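The values are calculated or read from the model by the stated rules, or taken from the named source; none is laboratory data. Since this is a predicted model, take the numbers as computed values, not measurements. Note that we place each Cβ from the backbone using ideal geometry, even for glycine, and neighbour counts take in every protein chain shown. Just so you know, the surface numbers come from the protein's heavy atoms only, side chains and all, with ligands and any DNA or RNA stripped out. Shrake-Rupley method; radii C 1.70, N 1.55, O 1.52, S 1.80 Å.
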Amino acid sequence: MADITSLILDDHDWFRRQFARLDDLTDPADLAEVWQPLADLLDVHARAEEEIFYPHLLRHGEDAEEETLDAIGDHNDIRDGVHEAALHPVGSTAWHAAVHKARFANSEHMAEEEDEGLSDFRRHADPGLREELGRRFVEFKRQHEGARDLDVSDLDPREYVEQELGDRPADASLGIGSLKEQD
């Protein structure tokens, strides 16, 4: 099983190829055939990172708080473009503008994530954890294929980070108490 950082990079490569395919198309049916799976995976990928990757980056990364705040904001921008595109006829000027908005936000996000969050996580997280998160990432994507049963609403980046950091015991323990027998 590949680790989560490799799986995220695989999705990034796929996103780039699908956006490039859109450049070559003009027919609305052809555009929709490429766009809908792309739009769905953009939503699923973002939520999978928010559920699986970023909580662990916050626990193991060196500059994780700033990286996570930025990433959640980027995810919101990507979602906004995806959801705006859904409001317009495929191939229309407004649709193209919304798709461009999603593409631009996604390209910026991927570059930052690849240079910062993913490399930070690879340097500081155990390979076994990365593989376990990879299994969870694959399963999440399978369960929510086509954005099925998925909350795709925006998140407040500060609230997200505060909630995730608040779930961690203040003393950095596992939060399970003493393993010694008590008298």
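What is the ratio of the Cα radius of gyration of the chain to 2.2 N^0.38 Å, where N is its residue count, to two decimals?
1.15
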(request) Report, to the nearest whole %, how much of the accessible area of the chain belongs to carbon and sulfur atoms, 1.4 Å probe, protein only. (result) 48 percent
(request) Please list the non-local residues whose amide H lies under 5 Å from the amide H of E116, H modeled 1.01 Å from N, same-chain partners needing a gap of 5 or more. (result) none
(request) Identify which of A125, A71, A39 has the largest mean-square fluctuation in a Gaussian network model of the chain, with springs joining Cα atoms closer than 10 Å. (result) A125
(message) Please list, in order along segment 107-118, the HN-Hα scalar couplings obtained from phi with the Karplus expression 6.51 cos²θ - 1.76 cosθ + 1.60 (θ = phi - 60°), rounded to whole Hz, x for Gly and Pro.
(response) 4, 4, 4, 4, 4, 5, 5, 5, 7, 10, x, 5
(request) Counting residues in segment 41-116 as N, plug N into 2.2 N^0.38 Å and put the Cα Rg over that result. (result) 1.20
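I'd like to compare 156-165, 113-122: which one has the highest average count of other Cβ atoms within 10 Å, and what's the full order after that? Walk me through the intermediate numbers first.
Values: 156-165: 14.7, 113-122: 18.9.
Per-residue Cβ counts within 10 Å, averaged per peptide and sorted highest first, yield 113-122, 156-165.
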(request) Taking 7 Å along the Cα-to-C-beta vector as the label spot, tell me the T26-A111 distance in nanometres, rounded to one decimal. (result) 3.0 nm
(message) Debye calculation, C-alpha points only, no solvent: report log10 I(q)/I(0) for segment 28-73 at q = 0.27, 0.29 Å⁻¹, in the same order as the q values.
(response) -0.90, -0.97
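State in Å² the accessible area per residue of the chain; use a 1.4 Å probe, count heavy atoms of protein chains only, and round to the nearest integer.
On the way: 10000 Å² over 183 residues.
Accessible area per residue: 55 Å².
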(message) If I model a spin label at E145 and H83 as a point 7 Å from the Cα along the Cα→Cβ vector, what separation in nanometres do I get?
(response) 2.6 nm
(request) Considering Cα pairs under 8 angstrom that are at least six residues apart, work out the relative contact order of segment 17-175 and quote it in whole percent. (result) 33 percent
(request) Mind giving me the FRET efficiency for H60 and F104? R0 is 30 Å, r the Cβ-Cβ distance, nearest 0.05 is fine. (result) 0.50
